[in-house]
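Asker: Dumping the structure here so I can ask a few things about it.
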Amino acid sequence: MTHNSSLLTLLLPLFSFLFPLAFALPFQEPIPGVYQCFIAGDNPFGANVQNAGARLEIKPNSSYTFTTASASENGTFQTISLEADTELTQFFRSGVELNLTPESGSAAYYGSFVIDKQGGLYVLIQNTGGVWIRCQSEGADIATAFELAFTDIADANAIQSGAEASGQVPKLTPMNAVAQGTYQCYYSYDDYDMDTGAHVPEPFEESFTLELFANNQYICTSDFGADGCDDISEDNLFELRPDGTFTWLGGTMEIYYDDWISRYGQDTNGIPTFVMYEEEEDIFTDNYVYHTFKCPRIGDVTNTAPSEQGTAEFQLLPDTIKAPQPPAGAGGLSGLYIDFTVNQRIMPTLGPDGMMTTQMEIDPPKYFYFLPNGYVYRGVYDWSYEDLDCTRMLKDGTPLCDTYVITENGITFGSEGTTLPFSKDGFNIVIDGVTHYYQTPVDSLALQGVFENTDGSGGISISSTFYEFFPDGTFTVDRSSAISYTSPETAGYQTTVSGYNEDPTSTGKYNVRGNTIEFTYADNSTEKFVFNYDITDTGQVDSVWINGTVYWK
C-alpha cells in the first residue's frame, strides 16, 4: 500500500521533526530483529505506555520495515556516532543515533538505538509535541533496568564514601579529560586487627603500569603478569564520564575489574590519578574492607597506542631500506599453500578450581604464501597478502619475507639454508613429506549462516566470536569473553576471580576476493584479513578461516 505521508507521522499527529537523543555511548549498530512499538507519552523510559499496534523490523542490510495493523512502510537507515556527554551512560551500555529514510519520499525519522545494561534493545523517537515512541525487543523491561541501575549507583556512592573514609582511597577532583601518560599502580588491602579490631591497612605495593592514551586506549604491563594485564589490543578501551567515574570498555581489564569502582581526577597535590577499588565484608570483624589500586601519573607514555601498533607499517623500517633480492633461479610458485598437519602437546595448567590439570595444545596450520619472483611469506600476514610488500624490512632488521629456490634436489628456504625434498601433487605441493594444500583464490564468494569460534585456556578463560554472513554481502559479528579462576586453597582461604565482557555487535558488508576477506563497517572503516574456507562433499561452505582462525558453521 502506498502513502504520501509516513506511517509514524500518521501514528503521531503533528509529527514534523524528530529530535535525536544524544548519548556518550560506545558505538553500536542497530541489532537486526523485530521491535514492538509503544506510545510512551512524554517519557520514553516510563512504565505507562500504550501499545501502538505496530512493529519495527530492523534488517541486516541497513533497511527497515515499519508495520501497523493496516499498512507497512519500507525504508533505509543510516547511523551516526553519539558524541554528547550525558549521565544516561549510567543506564545504557551502547547506542547510536539513527536517521531512517522512508522509500515513499516522506520526511526522515531521527532517533536513537540503545541497549540497556540488562540487554534490552530499544529504538526511541520523539515528535515536536514531546510525544515519544519506544520500540523494544521481546522481554525488554526498561523500568526494571532503570531500577537496577539506580540501585547500582546508590551502592557505588555508598562504597565510595566508605572507601574515602577508610583513608585508603584519595578524594579526587574530577577532570574534563584523561591526561595521556604513564600511571604507576600500587595495591593495598584495607584490613583490621582480629584481636583489637583496629584498622591496620597493608602498605601500598607496586603492582602494574597503565599507559592511557588520548584516543581512549590503554596498555597494561607487569613484570609478574598481574591480573588484567593483557597483550596489546585495539579492544583495550576506557571511558571517562563527566562525574569522574572511569569505565573499562574492553580488554581483560574489563573482565577482571568490571564490577570495581573506578574514578579519575586530581589528587590534593594536583596530580592526575586513577583509583580502582572494591568493597567486601571482613568475616572476622564485620567491618567493610577495601581492595584498592592507586595509580598516580608518573610521566609521558613510552609506547604508541594499540591501534597504531596494530598497523602493518608500524612493524616495518622506512621503505627506503629494502630487503635483499631473491637469489638467481628463485621462484616458480604462486599463491597460498597450507600445511594442516595436526601437531598436539599435553601441557600442565591450572584448572578452574585452582588445581593442576592438563590441557591439549594444537599447533595452528602453517601458511606459506609464495610469490613467483622468489619471495615467500611464511605465516599469516595479519593485514592480508594483498598488502604484502616483500621488499620491506622489519624493525628488528630482518626481511619481512623469506626466499625460496626450487631445484631437482628440492626446495631451499633462504632463512634455513638446507634443501628439503620437494614435489608436486596435482595443485598441491609436498615439502619434506608433508602435503601443503593449495587454496584456490576466488573472484567472489557469497556466504550464508552463522560461523563460530570458541577458544578456552587456563582455568578458565573463554572467548567466543560469531560471524553471521548473508548472501547479499552483509554481515554481523558478536564477540564475548569470560574468565573464571579460583586460587589453590591456602590456610583454608581461596580467592575467586570471574568476569564477562560482551562487545557491541558490529555490522557491515563483506567482500571475498582472492585469499582476502574485506570487512567494511557501518562507520566506513575497513579491515582486510587472510581468508580460506572448507567445503563439504556437496559443495557447501562448512567452515571459514580468517587470519588462520577457524570458524565452524
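The values are calculated or read from the model by the stated rules, or taken from the named source; none is laboratory data. Here the structure is a predicted model, which means the values were calculated and not measured. Here Cβ is always computed from backbone atoms with ideal geometry, including for glycine, and neighbour counts include all displayed protein chains.
Asker: (1) at pLDDT 75 or above; (2) closer than 23 Å to residue 283 by Cβ: which one isn't true of residue 199, the others all being true?
Answerer: All conditions are met except number (1).
Asker: Still on this structure, please answer the following. Of all residues in the range 254-310, which are of a type in the set (Phe, Trp, Tyr) and either touching a residue at least 40 places away in the same chain (Cβ under 8 Å) or not assigned by TED's automatic domain parsing to the domain that holds residue 204 (or both)? Before the answer, list the steps.
Answerer: The first filter runs over the range 254-310 and keeps only residues of a type in the set (Phe, Trp, Tyr), leaving 256-257, 260, 264, 274, 277, 284, 288, 290, 293.
Once the filter is applied, which keeps residues that are of a type in the set (Phe, Trp, Tyr) and either touching a residue at least 40 places away in the same chain (Cβ under 8 Å) or not assigned by TED's automatic domain parsing to the domain that holds residue 204 (or both), the range 254-310 yields 256, 257, 264, 274, 277, 284, 288, 290, 293.
Asker: Only residues that are of a type outside the set (D, E, K, R) and crowded, with 21+ Cβ neighbours inside 10 Å: list them for the range 25-34, please. Let's see the steps before the verdict.
Answerer: Here is the first cut: in the range 25-34, the residues of a type outside the set (D, E, K, R) are 25-28, 30-34.
Within the range 25-34, 25, 26, 28, 30 meet the criteria.
Asker: Taking the range 207-246 on its own, how many of its residues are part of a loop (DSSP other than H, G, I, E, B), over 14 Å from the mean Cα position of the chain (by Cα) and over 26 Å from residue 174 (Cβ atoms)?
Answerer: Total meeting the criteria: 7.
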